[in-house]
Amino acid sequence: MTDTSVTWLTQEAYDRLQTELAHLSGEGRTEIAERIAAARDEGDLKENGGYHAAREEQAKNEARIRELTEKLRNVQIGTPPDDGKVEPGMVVTALIAGDEMTFLLGSREIADTTDLDVYSPTSPLGSAIDGKSVGDETSYTAPNGNEIAVKITDAKPFAG
């Protein structure tokens, strides 16, 4: 079973990720390949710190390319409907364990573009409230094992 969940992004976040992907898969790959080749020309690879550092950087670069490619494959850009239903792209206000919190339900990639806390729809809290409506009550299990009560008091589309 594969996870084909949709990633909700603002246009700004989408454009930023597209630019990053183009850089990493273009000139980023070329720069790393050149560093690997130069380090390889230095001789003994077993004790060549520059070579090993470049190979590690290459692995990180390729992992980020895979992550971005997957994220951008299943993306939704724009504003969800203002229907009081909690879904990615909504600013949610909820009573969580008795404390009022306001946060954005969406991709962590949006966190740089807003002062709001951002919770992923796949996080324990996000998955508990995704699909619920204003007035609904639910709960989720925190990482420490405690059951946390949640009451949704508002859900509005993220305006940026």
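If we scan segment 47-57, do we find a residue that is under 30 Å from residue 127 (Cβ atoms) and either modelled with pLDDT of 90 or more or exposed (fewer than 12 other Cβ atoms within 10 Å of the Cβ) (or both)?
Pass one, segment 47-57, residues under 30 Å from residue 127 (Cβ atoms): none.
No, segment 47-57 contains no residue that is under 30 Å from residue 127 (Cβ atoms) and either modelled with pLDDT of 90 or more or exposed (fewer than 12 other Cβ atoms within 10 Å of the Cβ) (or both).
Tell me yes or no: at least one residue of segment 137-148 is more than 19 Å from residue 11 (Cα to Cα), open to solvent by 40 Å² or more (accessible area, probe 1.4 Å) and in contact (Cβ under 8 Å) with a residue 40 or more places away in the chain.
No, segment 137-148 contains no residue that is more than 19 Å from residue 11 (Cα to Cα), open to solvent by 40 Å² or more (accessible area, probe 1.4 Å) and in contact (Cβ under 8 Å) with a residue 40 or more places away in the chain.
Within segment 122-136, how many residues turn out to be open to solvent by less than 30 Å² (accessible area, probe 1.4 Å) and farther than 14 Å from residue 155 by Cα?
Our first condition is that a residue be open to solvent by less than 30 Å² (accessible area, probe 1.4 Å); within segment 122-136, this holds for 123, 125-126, 128-129.
Filter once more, keeping what is farther than 14 Å from residue 155 by Cα: 123, 125, 128.
Summing the residues that are open to solvent by less than 30 Å² (accessible area, probe 1.4 Å) and farther than 14 Å from residue 155 by Cα in segment 122-136 gives 3.
Consider residue 33 carefully, then state whether it is within 30 Å of residue 133 (Cβ to Cβ) and either among the aliphatic types (A, V, I, L, M) or open to solvent by 70 Å² or more (accessible area, probe 1.4 Å) (or both). So that I can check it myself, show each step before the final result.
Details: within 30 Å of residue 133 (Cβ to Cβ): no; either among the aliphatic types (A, V, I, L, M) or open to solvent by 70 Å² or more (accessible area, probe 1.4 Å) (or both): yes.
Answer is no for this residue.
Just one of (1) over 30 Å from residue 154 (Cα atoms); (2) surrounded by 14 or more Cβ atoms within 10 Å (Cβ to Cβ) trips up residue 44, so point out which.
With (1) over 30 Å from residue 154 (Cα atoms); (2) surrounded by 14 or more Cβ atoms within 10 Å (Cβ to Cβ) applied to residue 44, the lone miss is (2).
Go through segment 100-136 residue by residue and tally those that are part of a helix (DSSP H, G or I), of a type outside the set (D, E, K, R), closer than 18 Å to residue 12 by Cβ and without any contact (Cβ under 8 Å) to a residue 40 or more places away in the chain.
Filtering segment 100-136 down to residues part of a helix (DSSP H, G or I) leaves 108-113, 124-129.
Narrowing further to those that are of a type outside the set (D, E, K, R): 110-111, 113, 124-129.
Checking the rest, the ones that are also closer than 18 Å to residue 12 by Cβ come to 110-111, 113.
Subset that is without any contact (Cβ under 8 Å) to a residue 40 or more places away in the chain: 111.
Matching residues across segment 100-136 total 1.
Please find, within segment 63-99, the residue that is surrounded by the fewest Cβ atoms within 10 Å (Cβ to Cβ) out of those that are in contact with a Pro (Cβ under 7 Å, 6 or more places away or on another chain) and part of a loop (DSSP other than H, G, I, E, B).
For segment 63-99, the residue satisfying everything is 82.
List every residue pair whose Cβ atoms sit under 8 Å apart, with the two residues 6 or more apart in sequence or on different chains, where the first one lies in segment 84-95 and is under 9 Å from residue 130 (Cβ atoms) and the second, anywhere, is open to solvent by less than 30 Å² (accessible area, probe 1.4 Å) and among the polar types (S, T, N, Q).
88/7; 88/107
The values are calculated or read from the model by the stated rules, or taken from the named source; none is laboratory data. For clarity, every value in this text was computed on a predicted model and none was experimentally measured. Counting neighbours? That spans all protein chains shown, and the Cβs are built from the backbone with ideal geometry, glycine included. With ligands, DNA and RNA removed, areas are computed over all heavy atoms of the protein, side chains included. Shrake-Rupley method; radii C 1.70, N 1.55, O 1.52, S 1.80 Å.
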